[in-house]
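Please treat every number below as a calculation from the coordinates, not as lab data. Worth saying up front: this structure is predicted, and the values here are computed from it rather than measured. No Cβ is skipped: glycine too gets one built from the backbone with ideal geometry, and neighbour counts run over all protein chains shown.
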Amino acid sequence: MKKIHLIDRILLSGMIPSQGSWAQDKVWGDCKKKLDITSEEVQRHGIQMSQAGIQWKSEIDCKLDGKGEEISGTGIEFSLIGKTDTPIKFPLTDKEVKICKFATSLKKLERSEEGLPSTHVDLYETFVGAAPIDLDFMAAEAERLEAAEDQAYEDSLTNDEADKPDKK
C-alpha cells in the first residue's frame, strides 16, 4: 500500500481539477477532503497558511536540500518543505486517482517549458512511472549547446579581428 507525506498531499490537492461536471466536482471535492491537512498536523508542524502560500516551522528540513529553498509549483509557494512527517496510508482509491487525473497533470508538467519541478518527482514516479530521463536527448542537447558555445567563441574572435584597424 502506498504511503504519502504531507507535502505530497498538498501538491496532489493542488492538481485536482476545479471544474467539471456535477459528478466530477463531487468526487474531486471528496478527494480534496481526503487529502486535507488535519488541525493536528497544522499544530505539530507549525504550518501557517496565507495568501502568500504555506510555511512550515524553520527546523523542518527542506525536502530538496535542507537549506530552506523557496519552491513554487502548483500556485502554492512552499518555504522550508519537509518530509520529516510520518507518511500516512494513501487515502484515495485507484478509481479516485484516475478521476483526479494526477498522471495526466504530472505528464503535462513534465512536458511543459519549465519541466517537472523537483518537488513533483516522487509523485511522478508514483503515478506515472520512472522519472523521465532521456539520455539520448540529454547527450544530443549537450552536444548542441557545446557546438553553439564553440560557434559563439569563433564569432567573437572573428569580430575582434574585424574591429582592429588596418595598419597600412
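Proximity of backbone amide H atoms, modeled 1.01 Å from N, is registered between Gly20 and Asp25 at under 5 Å, excluding neighbours fewer than 5 places apart on the same chain.
Spacing of the modelled spin labels on Thr158 and Lys107, each 7 Å from Cα toward Cβ, amounts to 4.4 nm. Of Lys33/Lys107; Lys34/Lys108; Lys3/Lys108; Lys3/Lys95; Lys2/Lys26; Lys33/Lys101, which ones are farther than 22 Å apart at the Cα? In this structure, Lys33/Lys107; Lys34/Lys108; Lys3/Lys108; Lys2/Lys26 exceed 22 Å between Cα atoms. Placing pseudo-labels 7 Å out from each Cα toward the beta carbon at Ile37 and Glu96 gives an inter-label distance of 1.9 nm.
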